[in-house]
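Notes follow the structure.
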Amino acid sequence: MNKKKIIFSGIQPSGELHIGHYIGAIEQWIKLQNENNCIFSIVDYHAITVNHDPELLKKRSLEICKLYIAMGIDPEKSIIFKQSDISAHTELSWIFNCKGCYMSDLKKMTQFKDKAGDKQELVSVGLFNYPVLMAADILLYDTDIVPVGEDQKQHVELTRDIAKRFNHQFGQTFKVPEVMVKKEGARVMSLSDPYKKMSKSEANKNSYIALLDAPDVARKKIKKAVSDSGSGIYYLPDEKPAISNLLSIYAFLGNREIKRLEKDYKDVGYGDFKNDLADIVIKFLEKFQDKYSQISDSQAEEILEKGKEKAKAIAEKKLEEVKRVIGVK
Ligand code: ATP
Ligand code: LTN
């Protein structure tokens, strides 16, 4: 009999969740929870590595919890919790800052380089060592698999290195997790710039379709999405990055083969194609928005409270073990 695997993943409450989060991450979480022990976190301490509004952070953490549930994460099957509720995460992160991770590792992280840009000396230290906290999140739970979008692969690889180095120095303590990145949909691109990842931190809201966008808003955003020069609806990511991205979204949310879509839209203009895509996207959004509106804040708070108790028991046990092996206990 196959032993159940431990799955861990998280999303930071730093903006509105969008279809990229569903396609790249949440869709696989929903599938995984039936056969495995899943833990899904709302990683609010990661969200304070950049400027943030305290009221909004609180509101977004609850919003994400409600979205997880509305989209199909079942709190009876999976643990849903808020990272800041369990101090073992920040404690273990400090230990990894000292044992297992080097400055040279963090300097290589492409997300840091992208986010800091030419202001590397001025951003918070937290933004720099953010992957160390992520490693603590994952390793506290003896995680087997980390399902994430493509952009997070490098962070999970660093997590593996940290686990191996720590085990080498102090004896077998951490399981070395595997990353799980989808073959298709692991990197949904921005609607306003198909060379950039669709991102919730992007100021231009037309660049993404939020999971809570009203139907008319979603339709307008799709209409405004940049197209490629020339005509023709083909999947050619290098030559036609914008249309290829829209085709991928269509195929994924509409459950259609890209090849089939290319045939169906052979003699169709961009305008009509976008209209049909909007229908598909709206149908997808409506499926869970209704459920979302029926979940109250207090229900979400209760779920997070229960999740906290379950996750805390696991995390604290692991932290105790780590404290013993490094000699502080
Ligand atoms: P940012 O606000 O900088 O865009 P983010 O959205 O990438 O941050 P998270 O919110 O923590 O960061 O991402 C949660 C999960 O969603 C991660 O697994 C990430 O890889 C995935 N994800 C985010 N954006 C996309 C995207 N455009 N395509 C596919 N997966 C994505
Ligand atoms: N850094 C991740 C969010 C994150 C995460 C995690 C993902 C924090 N801790 C642990 C998987 C496992 C991001 O998507 N920006």
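See the values below:
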{"quantity": "Rg(Cα)/(2.2 N^0.38 Å) for segment 25-93, N = residue count", "calculated": "1.19"}
{"quantity": "Other-chain or far-sequence residues with amide H under 5 Å of HIS18's (modelled H)", "calculated": "LEU211"}
{"quantity": "Residues in segment 80-107 that a label on LYS113 would reach, taking backbone N under 15 Å of a point 7 Å out along Cα→Cβ", "calculated": "104-107"}
{"quantity": "For segment 248-313 versus segment 18-61, the gap between their alpha-carbon centres in whole angstrom", "calculated": "15 Å"}
{"quantity": "Phi-based couplings in Hz for segment 183-196 (Karplus 6.51, -1.76, 1.60; Gly and Pro marked x)", "calculated": "5, 10, x, 6, 8, 7, 8, 5, 6, 9, 8, x, 8, 10"}
{"quantity": "Base-10 log of normalised Debye intensity for segment 143-243 (one unit scatterer per alpha-carbon) at q = 0.12, 0.22, 0.25 Å⁻¹", "calculated": "-0.58, -1.13, -1.27"}
{"quantity": "LYS77-LEU106 pseudo-label distance in nm [points 7 Å out on the Cα-to-Cβ vector]", "calculated": "3.8 nm"}
{"quantity": "Cα pair distances exceeding 36 angstrom across the chain, given as percent", "calculated": "22 percent"}
{"quantity": "Spatially proximal aspartates and glutamates relative to LYS310 (Cα-Cα < 17 Å; intrachain offsets below 8 disregarded)", "calculated": "ASP74, GLU76, ASP85, ASP137, ASP142, GLU301, GLU302, GLU320"}
{"quantity": "Those GluC sites (Glu not before Pro) in segment 228-329 that DSSP places in a loop and that have at most 13 other beta carbons within 10 Å", "calculated": "GLU239, GLU257"}
{"quantity": "Dipole magnitude of the chain about its Cα centre (Cβ charges: Lys, Arg +1; Asp, Glu -1), debye to nearest 20", "calculated": "640 debye"}
{"quantity": "Across LYS5/LYS283; LYS31/LYS82; LYS5/LYS259; LYS58/LYS220; LYS200/LYS220, pairs whose alpha-carbon gap is larger than 27 Å", "calculated": "LYS5/LYS283; LYS5/LYS259; LYS58/LYS220"}
{"quantity": "Amide proton proximity set for ILE39, modelled H, under 5 Å, gap of 5+", "calculated": "ILE7, PHE8, SER9, ILE79"}
{"quantity": "Furthest towards positive pole of dipole, TYR141, ALA25, PHE170, structure part the chain, Cβ charges", "calculated": "PHE170"}
{"quantity": "Vicinal HN-Hα couplings computed from phi for segment 289-295 (Karplus, 6.51 cos²θ - 1.76 cosθ + 1.60; Hz; Gly/Pro x)", "calculated": "5, 5, 4, 4, 5, 8, 9"}
{"quantity": "Too-long pairs where the Cα-Cα distance tops 29 Å, listed order kept, from LYS115/LYS263; LYS119/LYS329; LYS119/LYS312; LYS3/LYS164; LYS119/LYS240; LYS107/LYS274", "calculated": "LYS115/LYS263; LYS119/LYS329; LYS119/LYS312; LYS119/LYS240; LYS107/LYS274"}
{"quantity": "Contour excess over end-to-end distance, with Cα ends at SER293 and ILE258 and 0.36 nm allotted per residue", "calculated": "9.3 nm"}
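All of the numbers you see were taken from the coordinates with simple rules; none came from a lab. This structure is a prediction, so every number in the text was calculated from the model and none was measured. Here the Cβ is made from the backbone with ideal geometry for all residues, glycine too, and neighbour counts use every protein chain on show.
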